[in-house]
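Bear in mind these aren't lab numbers, they're just calculated from the coordinates by the rules spelled out. Everything numeric here is computed off the predicted structure, so don't read it as measured data. In this analysis, Cβ positions are derived from the backbone assuming ideal geometry, glycine residues included, and neighbour counts consider all displayed protein chains.
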Amino acid sequence: MSDTEIPESDRLGQFPHPREVSRLAGQKEAERALFDAFMSGRMQHAWLLTGPKGIGKATLAYRMARFALHYGTPNAALAAGARDLSVPESSPVFHQVAAGSHPNLLTVRRPWDDKAKKLKTVITVDEVRRIGHFFGLTATERGAWRVVIIDSADEMNVNAANALLKALEEPPANGLFLVLSHQPGRLLPTIRSRCRMLRMTPLDEAEIESLMAQTELPDAGKKRKSAGPTENERRQIAQLAEGSAGRALSLAEGGGLDLYKDVAALLTTLPRVDVAGVHALADKAGRKGSDGDYEAMMELITLWLQRLIRAGAGLDAGRDIVPGEGAAMARLAAGASLDRWVEVWEKIVQSTAHGEALNTDRKLVILNAFSMLEAAASERAGA
């Protein structure tokens, strides 16, 4: 497989990579924090960008990288009238970053396992050690910035995390770390302490609906654009996205809304489920080459369960997308303790992760998730 054919762990389906995107939805406060720090001339050498997946952390990181590499100094940015982190799309820096070829930008992410013919499940220590070599090289211009983006730090194994800590402890002049994390609480406290934390917030539903309306689905041409989500479907997808633009686009691209409706229709019948229906879905999502369907299904199962838990806690579980699902969530939440449902959620998440690490038959992972849900729903139902 050639370098151009190797999949990128930080790319969402067939959508443009964050390094290719010039626009950032929402996150004005986070962008302002980075902009003000740079313009003050006292830019912290390491930033920890946190928040749920798909809210724009990577897009913001690449915006910051382009800005620093394009202008270099606060005075140059000031002279150009910069008011945010945008740079002209005609800039050579913009094109180099978009192509992944800028010599002063290094991205650390999960590598390709040529032996297994798939992406590794973790960021290895060898990937993080590339940072030392990167900073050891002479910058193309004296005093130029050198930027490292880590996407995401949650995926580092123990040795990789320790290697990153060492790099953070000995930052070079004009070295900038932009570390992305969906769950910063799981990182080494020493890594967190060496970064300035920048908390990014989920987008509201209106922002996500607007983004979907402006985005043409990839590999579709004009025909697909006209057949994209309707206004009502965009509203439903925005609800399921829960503030994540990435999740919304993924659902819109891959038929995720229809998949959610199929999953929810089965779950609303708990503690009894349509066994044939479960197997049909598991066959479809678990077959070879259906990575997107499988990942979406496991995420949507856990999302439905999260909504159930919120309903049981007296919180807003959102509008019904499948008729009767809200009533089913309330009934199931009353039938078993919230701790039990949280336990099931955790086990499904762990089972999914272990399944990927051990290359388990995906159909079995799906069937096991439904089995756990059925068992929990049956405990007080006398089934």
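For the residue pairs Lys118/Lys261; Lys53/Lys120; Lys117/Lys166; Lys117/Lys347; Lys115/Lys166; Lys57/Lys363, the C-alpha atoms sit more than 25 angstrom apart in Lys118/Lys261; Lys117/Lys166; Lys117/Lys347; Lys115/Lys166; Lys57/Lys363.
With q set to 0.20 Å⁻¹, the log10 of I(q)/I(0) for region 26-180, from the Debye formula over equal scatterers at the Cα positions, is -1.39.
Can you give the FRET efficiency for Leu364 and Ala80, using 1/(1 + (r/R0)^6), R0 = 41 Å, r = Cβ-Cβ distance, to the nearest 0.05? Intermediate values should be presented prior to the final figure.
Working: r = 57 Å, r/R0 = 1.39.
Once the sixth-power term is evaluated, E becomes 0.10.
Dividing the summed helix terms, -39500 (n - 2.57) for each DSSP H run of n ≥ 4, by the number of residues in the chain produces a 222 nm estimate of -16000 deg cm²/dmol to the nearest 500. Plainly put, region 217-373 has a radius of gyration that is 0.97 times its Kirkwood radius, both from alpha-carbon atoms, as the Rg/Rh ratio.
Applying 1/(1 + (r/R0)^6) with r as the Cβ-Cβ distance of Val275 and Asp113 and R0 = 35 angstrom yields a FRET efficiency of 0.45. Here the gap between Gln44 and Asp316, fully extended at 0.36 nm per residue and compared with their Cα-Cα distance, gives a gain of 94.0 nm.
What are the membrane-span-like helices in the chain by this rule: whole DSSP H runs, Cα extent along the axis at least 20 Å, mean Kyte-Doolittle hydropathy at least 0.5? Mind showing how you got there, number by number?
Working: long enough: 57-71 (21 Å, 0.01); 291-312 (32 Å, 0.06); 338-358 (30 Å, -0.21); 362-378 (24 Å, 0.88).
Qualifying helices, which must be both long enough and hydrophobic enough, are 362-378.
Within a Cβ distance under 11 Å of Ser210, other residues only, what is the Lys/Arg minus Asp/Glu net charge? It would help to have the intermediate numbers written out before the result.
Values: positive: Arg234; negative: Asp204, Glu205, Glu207, Glu209.
For residues surrounding Ser210, the net value is -3.
Pair-distance distribution of the chain: all C-alpha pairs, bin width 10 Å, starting at 0; shares per bin in whole percent are 5, 21, 30, 25, 14, 5, 1, 0.
Computed from the C-beta positions of Ser101 and Ser378, the FRET efficiency with R₀ = 56 Å rounds to 0.50. Using Cα centres only, tell me the gap between region 301-321 and region 144-197 in whole Å. Cα centres, region 301-321 to region 144-197: 34 Å. Extension gain, Lys288-Glu89: 0.36 nm per intervening residue step, less the Cα-Cα distance, totals 67.7 nm.
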